[in-house]
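K.L.:
Before I ask anything, let me first share the structure, which is written out below as structure tokens.
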Amino acid sequence: MYKNIKAAVAGSINMDLILKAPHIPECGENVVGSDYGYANGGKGANQATALAKLGAKVKMIGKVADDANGRKLVENLEKNGIDASGVAKDGTQTGLAAILLDGEGRNRIIVYEGANAQINPKEAVEAIDADTQLLLVQFETSEDVVTAVVNHAIESGITTVIDCGPAKNFALEKMQGATILSPNESETKALTGIDPKNEADVLQASVILKERSKAEFIVLKLGERGCSLYDGKELKFFSAFESKVVDTTAAGDCFTAALALEYVRSGNIEKACITGNKAGSIAVSRLGAENSMPTVDEVFGLN
Ligand code: RIB
């Protein structure tokens, strides 16, 4: 279904340390954990893995260090069929995320950027192959890298999808005219000052995001409420699919990848929102970041 689509992801690659506990400690509190483990993560690598699992041809552009975590993460990308030739291996330390997971599957994440903050913007642009049809970026690398690759992709006529994680007030004005801009609730608040709680807030935030970015479509990820779509004229909502929440980590990454891929395939943004919701609902029902990404059969098996 998606196997003829050539995608590139410019973004972060992290080793995730996941610690589970009944609740997240308050300041000064000690909590006994129930489980821990290491997992391959990073918003960029998660989105690349989601695209690859859905069947696309994917090139990863990023940076790790030549250390044990860096080597393991690159090996894993390759194992997932991702072209890792765009991943430089000369960072000082590979990125690390400490993910605290509570009894209800909600997370709190601290990211040490490491090599992700050392990507060279020019090298990142040069790594985008001329026949790329889709570029996916997030905000877990430097603003210079994101701006450079997005502007290059827009100028080259590549479908460009910006996932606005993690939350920060990024200078959207520096990269105008992407195809889709997609923040979650906290990212929307960081970018607009508006918490998208109800329909009026969603609309107001979407209008601001559209004005600032001039993106063709603004798609807000609204967690258990699904997502909203604003095209400059109309606001629509698409409900989430039911699932038992085990771990919300990377569900947004999965949503964005599926949204982007379906939009490139069909050119239908509404279908793309529904596909994103389906994929995200599967990702929340599984533990881990990239391990939770569904296959195309799983996504299209959902009704
Ligand atoms: O979006 C989830 C990701 O955020 C995790 O894999 C972690 O690495 C952080 O970057």
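The values are calculated or read from the model by the stated rules, or taken from the named source; none is laboratory data. The shown structure was predicted, so the numbers you read here are calculated from the model rather than taken from an experiment. Note that each Cβ is placed from the backbone with ideal geometry, even for glycine, and that neighbours are counted across all protein chains shown. Note: accessible area is taken over every heavy atom of the protein model, side chains too, but ligands, DNA and RNA are not part of it. Shrake-Rupley method; radii C 1.70, N 1.55, O 1.52, S 1.80 Å.
K.L.:
In region 30-53, what count of residues is obtained for those that are more than 12 Å from the ligand (Cβ to nearest atom) and either aromatic (Phe, Trp, Tyr) or surrounded by fewer than 22 Cβ atoms within 10 Å (Cβ to Cβ) (or both)?
P.N.:
Number satisfying all stated conditions: 8.
K.L.:
Find all pairs meeting these conditions: Cβ atoms under 9 angstrom apart; at least six residues apart or on different chains; first residue within region 230-246 and open to solvent by less than 70 Å² (accessible area, probe 1.4 Å); second residue of a type in the set (Asp, Glu) and at pLDDT 95 or above.
P.N.:
Asp231/Glu216; Gly232/Glu216; Leu235/Glu199; Lys236/Glu270; Phe238/Glu270
K.L.:
To continue, here is another question. Out of Gln133, Gln118, which single residue is closer than 19 Å to Thr49 by Cβ and either open to solvent by 10 Å² or more (accessible area, probe 1.4 Å) or within 16 Å of the ligand (Cβ to nearest atom) (or both)?
P.N.:
Just one listed residue meets the conditions, Gln133.
K.L.:
Looking for something hydrophobic (A, V, I, L, M, F, W, C) and in contact with a Gly (Cβ under 7 Å, 6 or more places away or on another chain) - is there at least one such residue anywhere in region 23-39?
P.N.:
At the first step, the residues of region 23-39 found to be hydrophobic (A, V, I, L, M, F, W, C) are 24, 27, 31-32, 39.
With the extra rule that they be in contact with a Gly (Cβ under 7 Å, 6 or more places away or on another chain), the set shrinks to 39.
Scanning region 23-39 turns up at least one residue that is hydrophobic (A, V, I, L, M, F, W, C) and in contact with a Gly (Cβ under 7 Å, 6 or more places away or on another chain).
K.L.:
Another question, then. So, Pro183, is that one of a type outside the set (Ser, Thr, Tyr), open to solvent by 10 Å² or more (accessible area, probe 1.4 Å) and within 16 Å of the ligand (Cβ to nearest atom) or not?
P.N.:
no
K.L.:
In region 1-17, what residues are in a strand (DSSP E or B) and more than 9 Å from the ligand (Cβ to nearest atom)? Spell out how you get there, then give the answer.
P.N.:
Here is the first cut: in region 1-17, the residues in a strand (DSSP E or B) are 6-10, 14-17.
Across region 1-17, the qualifying residues are Lys6, Ala7, Ala8, Val9, Ala10, Leu17.
K.L.:
Going by what's in this entry, would Ala260 be described as in contact (Cβ under 8 Å) with a residue 40 or more places away in the chain, closer than 17 Å to Cys164 by Cα and within 16 Å of the ligand (Cβ to nearest atom)? Steps first, please.
P.N.:
Numbers: in contact (Cβ under 8 Å) with a residue 40 or more places away in the chain: yes; closer than 17 Å to Cys164 by Cα: yes; within 16 Å of the ligand (Cβ to nearest atom): yes.
So Ala260 passes the test.
K.L.:
May I pose another question? Give the number of residues within region 54-69 that are within 15 Å of the ligand (Cβ to nearest atom) and open to solvent by 10 Å² or more (accessible area, probe 1.4 Å).
P.N.:
Taking region 54-69 first, the residues within 15 Å of the ligand (Cβ to nearest atom) are 60, 62-64, 69.
Pick out the ones that are also open to solvent by 10 Å² or more (accessible area, probe 1.4 Å) and you get 63, 69.
Residues meeting the conditions: 2.
K.L.:
Working only within region 286-303, note down all residues that are within 16 Å of the ligand (Cβ to nearest atom), of a type outside the set (Lys, Arg) and either in contact with a Ser or Thr (Cβ under 8 Å, 6 or more places away or on another chain) or open to solvent by 10 Å² or more (accessible area, probe 1.4 Å) (or both). Let's see the steps before the verdict.
P.N.:
Residues of region 286-303 that are within 16 Å of the ligand (Cβ to nearest atom), as a first pass: 286-294.
Going one step further and asking which of them are of a type outside the set (Lys, Arg), we end up with 287-294.
Matches in region 286-303: Leu287, Gly288, Ala289, Glu290, Asn291, Ser292, Met293.
K.L.:
Being free of Cβ contacts under 8 Å to residues at least 40 places away in the same chain, in a helix (DSSP H, G or I) and of a type in the set (S, T, N, Q) narrows it down to one residue among Asn169, Asn151; which is it?
P.N.:
On the way: Asn169 fails: in a helix (DSSP H, G or I).
When all the criteria are applied, what remains is Asn151.
K.L.:
Do we find that Asp163 is at pLDDT below 95, in contact with a strand residue (DSSP E or B) (Cβ under 9 Å, 6 or more places away or on another chain) and open to solvent by less than 10 Å² (accessible area, probe 1.4 Å) in this structure?
P.N.:
Working: at pLDDT below 95: no; in contact with a strand residue (DSSP E or B) (Cβ under 9 Å, 6 or more places away or on another chain): yes; open to solvent by less than 10 Å² (accessible area, probe 1.4 Å): yes.
Spelling it out, it is not the case that Asp163 is at pLDDT below 95, in contact with a strand residue (DSSP E or B) (Cβ under 9 Å, 6 or more places away or on another chain) and open to solvent by less than 10 Å² (accessible area, probe 1.4 Å).
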